[in-house]
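Student: First the structure, which I've put down as structure tokens, then a few questions once you've had a look.
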Amino acid sequence: MTIFLCGFMGCGKTTVGEILAKQLGLPLIDTDAYIVEQEGRSIPEIFAQEGEPYFRKVEAQAIRTLCTKNAVIACGGGAMLNPDSAAYARENGAVVLLNESFDTCYARIQGDTNRPIVQRSTKEELHQLFDQRAGIYRAHASHVVDGGVSPEQMAERVAAAVQ
């Protein structure tokens, strides 16, 4: 079973993913950590040296590679914006949107120096980005799990949705 967790930055993909993976006896693979390992440099370095389009290309390749894994995969916030990546993930697993509020996401990501988009954007710009991405995430998800609960409860909701 391959479960792709998607949603905006700070929605809980990695945190919920860790709990879910433990519950299901699967490994957790965080696509951002995977890319850092493959590239040998941090995400801010990749953005600064190569630009966002290069990062998105590497991210799309990571999704294709990870589709073959029996795992919980915590996707970066932009991973499912690529229609090809989203389709590939849906064909090879379950894509679950962690539907958390903007305010919750923002409280978790503000000031995070490992997120280039957060570093270069105002709160208002991030809210616009959140709104732009919301429909795309929803369109690509095979399941939508609403937030506003603890990470443990979110993991339980995800497990119930995919089984």
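Student: Would you kindly derive the ³J(HN,Hα) couplings of region 62-73 from the backbone phi angles with the Karplus curve 6.51 cos²θ - 1.76 cosθ + 1.60 (θ = phi - 60°), listing them in order in whole Hz, with x for Gly and Pro?
Tutor: 4, 4, 4, 5, 6, 4, 7, 8, 8, 6, 9, 10
Student: Further question: Provide the three semi-axes, in whole Å and in decreasing order, of the ellipsoid equivalent to the chain as defined by the square roots of 5 times the Cα gyration tensor eigenvalues. Don't skip to the answer; put the middle values down first.
Tutor: Working: eigenvalues 99, 72, 42 Å².
Taking √(5λ) for each Cα gyration eigenvalue gives 22, 19, 14 Å.
Student: For region 3-162, what number of Lys pairs, 8 or more residues apart or on separate chains, have alpha-carbon atoms under 23 Å from each other? Each step should come with its number before you reach the end.
Tutor: Working: 13/22; 13/57; 13/69; 13/123; 22/69; 57/69.
Lysine pairs satisfying the spacing and distance rule in region 3-162 number 6.
Student: Now for a different question. Taking amide H positions as placed 1.01 Å from N in the peptide plane, with prolines and chain starts having none, which residues 5 or more places from residue 74, or on another chain, fall under 5 Å of its amide H?
Tutor: Amide H to amide H, under 5 Å and 5 or more residues apart or across chains, residue 74 pairs with 5, 29, 30, 31.
Student: If Lys and Arg each add +1 and Asp and Glu each add -1, what is the summed charge of the other residues whose beta carbon sits under 12 Å from the beta carbon of residue 20? Each step should come with its number before you reach the end.
Tutor: Numbers: positive: 13, 22, 157; negative: 18, 152, 156.
With Lys, Arg at +1 and Asp, Glu at -1, the net is 0.
Student: Determine the dipole magnitude for the chain: charges of +1 sit on the beta-carbon of Lys and Arg, -1 on that of Asp and Glu, nothing else is charged, the reference point is the Cα centre, and the result goes in debye to the nearest 20.
Tutor: Working: 15 positive and 20 negative charges, 51 e Å.
I would put it at about 240 debye.
Student: Which one, 44, 26, 61, is farthest towards the positive end of the dipole of region 10-89 when Lys and Arg carry +1 and Asp and Glu -1 on their Cβ?
Tutor: 26
Student: Show that you can apply the helix-only estimate: for the chain, add -39,500 (n - 2.57) for every DSSP H stretch of four or more residues, divide by all residues, and state [θ] at 222 nm to the nearest 500.
Tutor: Working: 9 runs with 96 residues, N = 163.
One gets -17500 deg cm²/dmol as the mean residue ellipticity at 222 nm.
Student: Ok, one more. For every other residue with a beta carbon closer than 14 angstrom to the beta carbon of residue 129, add +1 if it is Lys or Arg and -1 if Asp or Glu, then tell me the sum.
Tutor: Details: positive: 115, 120, 123, 133; negative: 52, 124, 125, 131.
Net charge around residue 129: 0.
Student: Would you mind calculating the relative contact order of the chain from Cα pairs under 8 angstrom and at least 6 residues apart, reporting the percent as a whole number? Before the final figure, lay out the partial values.
Tutor: Values: 249 pairs, mean separation 57.4, N = 163.
Reported as a whole number, the value is 35 percent.
Student: What order do you get for 152-160, 66-74 when each peptide is scored by the mean count of other beta carbon atoms within 10 Å, highest first?
Tutor: Numbers: 152-160: 18.8, 66-74: 20.3.
Final packing ranking: 66-74, 152-160.
Student: Residue farthest toward the positive end of the dipole of region 83-163, with Cβ of Lys/Arg at +1 and Asp/Glu at -1: which of 153, 136, 117?
Tutor: 117
FYI, it's all coordinate maths here, none of it is from the lab. Quick caveat: nothing in here was measured; it's all calculated off a predicted structure. So basically every Cβ, Gly included, is an ideal-geometry build from the backbone, and we count neighbours across all protein chains shown.
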